[in-house]
Amino acid sequence: MAPTESQNFGVNMSSLEFARSVFGEEEDIGRSLTRGSIPGDMESVTLDSSTPWRLKDLELPPEPIMPLLIEAYFSRFHWYILLFHEPSFWNKTYKVYCQPTWRRRDLSDVVTVLIVAALGLQSVLQDSTWHGHNTFRIHHINHRQLLLDLVSEVRFHLIDLLANPRIEAVQVCTLLSCFYMFHSSPGLGWSTSGMAVRAAYALALHTKAPASQDRIAAQIRYRCWNHITVGDSFVTMIYGRPASVDAAFADLHELEHTDDLTIPPVLLDLTGFSECGDITSKVTFHQMKFRLYYIIRQALNRFRLLRPSQPNTNDDLVAISQEIKDVEASLAQWCQELPSLYNFEDWSLADRWAQLEYSLQNRPADIQEHAEIILLQAAMIQLLYDGAVILTHRPLLKYQVKPMRFSRSVIDSMQKSLDAVIGAALRISSFPVHKFEKHFVVSIVFHYLFMAGVILCIIPTSQPLTNTAQEAKAGVVRIIHASRAMAQHNRISRQTDKLLTELLKIAVQRETLAALDNTSVTGYHGDEAEPPLLDSEMSTTKDVPLEGPKELLQANTTTIYQPDLHREFNMDLPELLQSYHHTLDTGAARNELSDQSLLPSALLPLDPHSVFVSEQLDDIFGSLQSFYS
């Protein structure tokens, strides 16, 4: 049952609650007649909790299977999306699941176990090294069929779960949304995400927990609400639709350290961790992630409230520039407060990761797993930050600028935004995505890789045949190679490969045209007639091959930068970290445009006759929904 909210802000008060507040609750206005029946009544519908209850279609797998899947969930999903307290889950929820018979009151716990198992199974489905596959073979269980059966059973009971919501309703809807969004139906992913928000509001999770509530239960409540705000911000970005969480109630709860977030002391004594200060809890990662998403949400709200005129004017772009500066200030403060333990750039310095790997030799497997998770969390923090930088500066790049005179301040702001997103996109292009292959979060990683790839495809057209353009194309090819490496196992990686490959071809063609149209190129004389191309010559210029970086870069008249992209993708993490740090260094030395007044022409829309562009413009600037069509 939802706790009574300590604050009422007008719209929070239903008509029935207003009547009670006016006439006095002691009158108990029609309580016996209205209990749970009038819309807005806070009382839950009375259900017979002792009624026998069972699953509809799912045949329970043998005993060893479910614990294996739950274990997979907590090792491959829970470290990023924090919804449960792991010891409590095993002691209470799974204990209920193991009972021989169930009552109606057990529905929430049992359905929660089913969706957790489904997400755990999804995480290990394509991992041939997972130790549980042998158990599946022994019991002749089809992985994919079990996954479908688990999700189908959860769907069947979803309405009953929401009829009398508990915290489990929020957790189940959230996890079901994650499954649909990345692995099944993004339309249902959007809808079930909204159901999680409604269930959270019904339980008043946006308010402080009652003083009488158990501390662990209160922390679970806070974890769920904080993720509701994070998840809502994420789906707002990728679907390009309004947020579901009211900005007035989007404040975060302060999380406390609990036993399930403890970093093993033996790990903190190892070389590499001992230099990271006195952080002893993984709660720091979640706090920093929540705060970063809070900044993202504020940025989305700021840009949503702007109402630029048509066509855009200098005043419109000046207002956007000011909003960008304000968000930049918040991001800068966040960076200053990011601890070294979760600073991915710091891990690339002085061979810290290599030293840690040496220290981890002959250590127990659980200690090595804890170390790996912390490094993955640090990498994700950097990825989210770079994504926030792109999102912050994207409004100035998004607008299809018409031919007009711009003030110097607007041109400078557009140049700064372009430089900022180039740096962030190049860092993302060097992201060690293969290290996340066994984790559920890899689908989120590919969302950011796609975002970065689109930004990098803009550069060859705006700065043709420059060092920056070569770096950008090399970055896109890195992303394409990373996507192709996982294309058989991940649908978003397949779509990322497909879309960026097509977009890169268009970008290279436009770069060539832009370079040829520039009459200032040395040796060019417009009045000199060129002999017609032979048929054999024409056949070699129709398309740009993508088999490797060498062929791609040869499409340009000048070859400046030819990294070994296959080698970069197959590097171990220490080498990738060094490559990542090198990207940080070289990004600052990027050439500026020789003529800043040319910048708006780089932002004109792509060829409207391109089938690819006409179908994917929404995707390019923030919506992934058509990925799955």
Quiz item: Considering only residues of region 466-515 that are under 19 Å from residue 447 (Cα atoms) and among the acidic types (Asp, Glu), which is farthest from the chain's Cα centre (by Cα)?
Solution: 502
Quiz item: Just for region 241-260: of the residues that are modelled with pLDDT of 90 or more and not in a loop (DSSP other than H, G, I, E, B), which one is surrounded by the fewest Cβ atoms within 10 Å (Cβ to Cβ)?
Solution: 259
Quiz item: Scanning for something among the polar types (S, T, N, Q), in contact (Cβ under 8 Å) with a residue 12 or more places away in the chain, within 30 Å of residue 369 (Cβ to Cβ) and in a helix (DSSP H, G or I), does region 291-311 turn up at least one residue?
Solution: no
Self-check item: Every pair of residues 6+ apart whose Cβ atoms lie under 8 Å, when the first sits in region 478-502 and is farther than 25 Å from residue 185 by Cβ and not assigned by TED's automatic domain parsing to the domain that holds residue 185 while the second is charged (D, E, K, R) and assigned to a helix (DSSP H, G or I)
Solution: 478/568; 480/497
Quiz item: For the subset of region 190-240 comprising residues that are out of contact with any helix residue (DSSP H, G or I) (no Cβ under 9 Å at 6 or more places or on another chain) and part of a helix (DSSP H, G or I), which member is nearest to residue 260 (Cα to Cα)?
Solution: 219
Quiz item: residue 87 is checked against (1) free of Cβ contacts under 8 Å to residues at least 24 places away in the same chain; (2) under 28 Å from the mean Cα position of the chain (by Cα) and fails just one. What number does that condition carry?
Solution: (1)
Quiz item: Restricted to region 330-348, and to residues that are small (Gly, Ala, Ser) and more than 22 Å from the chain's Cα centre (by Cα), which residue is modelled with the highest pLDDT?
Solution: 340
Exercise. Restricting attention to helices (runs of 4 or more DSSP H) lying wholly within region 70-145, give those where 2 or more residues are touching a strand residue (DSSP E or B) at 6+ places or on another chain (Cβ under 8 Å) and under 26 Å from residue 259 (Cα atoms).
Key: none
Exercise. Confirm whether residue 351 is at positive phi, more than 22 Å from the chain's Cα centre (by Cα), charged (D, E, K, R) and assigned by TED's automatic domain parsing to the domain that holds residue 441.
Key: yes
Quiz item: Taking residue 336, is it surrounded by fewer than 16 Cβ atoms within 10 Å (Cβ to Cβ), in the same structural domain as residue 419 (by TED's automatic domain parsing), closer than 20 Å to residue 290 by Cβ and without any contact (Cβ under 8 Å) to a residue 40 or more places away in the chain?
Solution: yes
Quiz item: Which residue pairs have Cβ atoms closer than 7 Å, lie 6 or more positions apart in sequence or on different chains, and pair a first residue in region 37-63 that is outside any loop (DSSP other than H, G, I, E, B) with a second residue that is at pLDDT 90 or above and surrounded by 12 or more Cβ atoms within 10 Å (Cβ to Cβ)?
Solution: 52/103; 53/102; 53/103; 53/104; 53/106; 53/107
Practice problem: May I ask you to verify whether residue 392 is modelled with pLDDT under 90 and assigned by TED's automatic domain parsing to the domain that holds residue 343? | Solution: no
Quiz item: Considering only residues of region 414-430 that are of a type in the set (Ser, Thr, Tyr) and assigned to a helix (DSSP H, G or I), which is surrounded by the most Cβ atoms within 10 Å (Cβ to Cβ)?
Solution: 429
Self-check item: Residue among 135, 112 that is of a type in the set (Ser, Thr, Tyr), surrounded by 21 or more Cβ atoms within 10 Å (Cβ to Cβ) and in contact with a helix residue (DSSP H, G or I) (Cβ under 7 Å, 6 or more places away or on another chain)
Solution: 112
Quiz item: Got a number for residues in region 486-501 being of a type outside the set (Ser, Thr, Tyr), over 16 Å from residue 469 (Cα atoms) and surrounded by 18 or more Cβ atoms within 10 Å (Cβ to Cβ)?
Solution: 6
Practice problem: Look at residue 367 and say whether it is in the same structural domain as residue 394 (by TED's automatic domain parsing), of a type in the set (A, V, I, L, M) and under 22 Å from the mean Cα position of the chain (by Cα). | Solution: no
Quiz item: What pairs can you find where one residue is in region 195-223 and farther than 16 Å from residue 173 by Cα, the other is among the basic types (Lys, Arg), and their Cβ atoms are less than 6 Å apart, with a gap of 6+ or different chains?
Solution: 209/221
Quiz item: Is region 261-283 home to any residue that is under 22 Å from the mean Cα position of the chain (by Cα), touching a residue at least 40 places away in the same chain (Cβ under 8 Å) and surrounded by 13 or more Cβ atoms within 10 Å (Cβ to Cβ)?
Solution: yes
Self-check item: In region 95-111, the residues that are more than 22 Å from residue 163 (Cα to Cα) and under 35 Å from the mean Cα position of the chain (by Cα)
Solution: 95, 98
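The values are calculated or read from the model by the stated rules, or taken from the named source; none is laboratory data. A quick note: this is a predicted structure, and the numbers were derived from the prediction, not measured. Cβ atoms come from the backbone with ideal geometry, glycine included; neighbour counts cover every protein chain shown.
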